[in-house]
Amino acid sequence: MKNYQSSVKKVDSVTSVTIDRLMSITCDKCHKTYGESHQWDEIQEFHHIEFTAGYGANRFHDGYKIKADICQYCFYEMIIGFCTIEENDCPF
Ligand SMILES: [Zn+2]
């Protein structure tokens, strides 16, 4: 679940834009909420799953919308047994 805070910013005398800022996010698996300023690294590592079940889906009903926000720790535990991990050449 994502918690947004909206604000309106005036660009000029006739134009304004609404800005949605993500204030916190809760993992749908472990239910831990991240939202403090020191947890932005944690928030950016969330995995957001969203898809529509296709015709003939055996586990989800046809056409149902499926959504989940999963923290990096739960996602790691979910896929570590079968995922492929490749070393990155990135210097970070
Ligand atoms: Zn989690």
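Bear in mind that the values in this text are calculations on the coordinates, not laboratory data. Since we're looking at a predicted model, the values are computed, not measured. Positions of Cβ are generated from backbone atoms using ideal geometry, with glycine treated the same way; all protein chains shown enter the neighbour counts.
Between Met78, Met1, Ser13, the Cα set farthest toward the positive side of the dipole of the chain (charges on each charged residue's Cβ, about the Cα centre) is that of Ser13. Candidate cross-link partners of Lys67 among the aspartates and glutamates, defined by an alpha-carbon separation under 14 Å and a same-chain spacing of 8 or more, comprise Asp28, Glu50. Neighbour counts of other Cβ atoms within 10 Å put Asp89, Asp62 in the fewest-to-most order Asp89, Asp62.
With loop membership from DSSP and a limit of 10 other Cβ atoms within 10 Å, the longest segment of the chain without GluC sites (Glu not before Pro) is 37-85. Between Leu22 and Ile49, the contour length at 0.36 nm per residue exceeds the alpha carbon distance by 8.0 nm. Spatially, segment 39-53 and segment 1-34 are offset by 15 Å when compared through their Cα centroids. Note on the chain: percent of Cα-Cα distances in each 10 Å bin, starting at 0 and stopping at the bin with the largest distance, equals 13, 28, 31, 20, 7, 1. For segment 13-58, a simple Cβ point-charge model (Lys and Arg +1, Asp and Glu -1, everything else neutral) yields a dipole of about 120 debye relative to the Cα centre. From least to most packed, judged by other beta carbons within 10 angstrom and beginning with the fewest, Thr84, Thr15, Thr26 follow the order Thr84, Thr15, Thr26.
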